[in-house]
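The structure appears below as structure tokens.
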Amino acid sequence: MSQPKRERMHRRNIISEGYLREDGLWEIEARMIDLKTYDVYREFDGSRVPQGSPFHDISVKLTLDDQFLIHAIEVDMSAFPFPSCGGAEPSFDQIKGTRIGPGWNRWLKKTFAGKVGCTHVLELLPVAATTAFQTMWQPLAKKYPAAVPKALVGLVNTCHGWSEDGPMVQKLVEEQIIQLPDKE
């Protein structure tokens, strides 16, 4: 069965990268760019966003320490559809001093709900958090080997791959790297 022809109308590119700084802190950057394949005319003033030009160009940079404590945050909204969108940037300063971990995404959604936040920045922050874990896991495991078992146990049952009865967790248990709590 042949697929119907289709025409791309929109492309969203999200890229996220992690860096270790020479001072031992970590920087995590996430950026979203939305592109249309046609000209868009903004409702508020009729101005044109030409085909292939960013409709959204939004980025977030977090500076973290080894305990995932956020020392700095930068939000940049270089392209957005409404004149007031950029006004949301300063509200995200209150993320400084928080720690990425369990409940952090829930806190973000609650704290930046409604007219205080920006939907797209809120989409990027969990991407940045996941990138932080992916960036920092191996180096931190080498730096703090005694913390590895506790960290691994914290991953059990967080997804299918980390299922307690799955092969990865069973291997870790068999090799006595982790011990699962007894079921009663």
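The values are calculated or read from the model by the stated rules, or taken from the named source; none is laboratory data. Every value quoted in this text rests on a predicted model; they were computed, and no experiment measured them. Note that each Cβ is placed from the backbone with ideal geometry, even for glycine, and that neighbours are counted across all protein chains shown. For the accessible areas, the whole protein counts, side chains as well, though only heavy atoms, and no ligand, DNA or RNA atoms are used. Shrake-Rupley method; radii C 1.70, N 1.55, O 1.52, S 1.80 Å.
A residue that is over 30 Å from ILE14 (Cα atoms) and not acidic (Asp, Glu) can be found somewhere in the range 155-168. Small (Gly, Ala, Ser), within 25 Å of CYS159 (Cβ to Cβ) and modelled with pLDDT under 95, is that true of GLY101? Yes, satisfied. Taken together, the residues in the range 62-113 that are without any contact (Cβ under 8 Å) to a residue 12 or more places away in the chain and hydrophobic (A, V, I, L, M, F, W, C) amount to 2.
Of the residues ALA141, ALA151, ALA147, the single one that is farther than 24 Å from MET32 by Cα, surrounded by 14 or more Cβ atoms within 10 Å (Cβ to Cβ) and free of Cβ contacts under 8 Å to residues at least 24 places away in the same chain is ALA151. For the criterion of being under 17 Å from MET77 (Cβ atoms) and assigned to a loop (DSSP other than H, G, I, E, B), PHE44 passes. For ALA132, state whether it is surrounded by fewer than 13 Cβ atoms within 10 Å (Cβ to Cβ) and either at negative phi or out of contact with any Gly (no Cβ under 6 Å at 6 or more places or on another chain) (or both). Here the answer is no, as ALA132 does not meet what is asked. When LYS142, LYS150, LYS171, LYS110 are checked against the criterion of being under 18 Å from the mean Cα position of the chain (by Cα), farther than 19 Å from ALA30 by Cα and part of a helix (DSSP H, G or I), LYS110 stands alone in meeting it.
Checked against the criterion of being of a type in the set (Lys, Arg), in contact with a Phe, Trp or Tyr (Cβ under 6 Å, 6 or more places away or on another chain) and on the phi < 0 side of the Ramachandran plot, the candidates ARG99, ARG106 yield just one match: ARG99. Residues of the range 1-41 that are over 30 Å from LYS96 (Cα atoms) and either in contact (Cβ under 8 Å) with a residue 12 or more places away in the chain or part of a strand (DSSP E or B) (or both): GLU7, ARG8, MET9, HIS10, ARG11, LEU35, LYS36, THR37, TYR38, ASP39, VAL40, TYR41.
Considering the range 112-129 alone, what residues qualify as being under 27 Å from PRO181 (Cβ atoms) and open to solvent by 40 Å² or more (accessible area, probe 1.4 Å)? Within the range 112-129, none qualify.
For LYS96, the criteria (1) closer than 22 Å to ALA129 by Cβ; (2) crowded, with 18+ Cβ neighbours inside 10 Å hold in every case but one, which is (2).
Taking the condition part of a strand (DSSP E or B), open to solvent by less than 40 Å² (accessible area, probe 1.4 Å) and touching a strand residue (DSSP E or B) at 6+ places or on another chain (Cβ under 7 Å), does PHE55 pass? Answer is yes for this residue. With the structure loaded, tell me whether GLY87 is in a helix (DSSP H, G or I) and open to solvent by 40 Å² or more (accessible area, probe 1.4 Å) or whether it fails that test. It is true that GLY87 is in a helix (DSSP H, G or I) and open to solvent by 40 Å² or more (accessible area, probe 1.4 Å).
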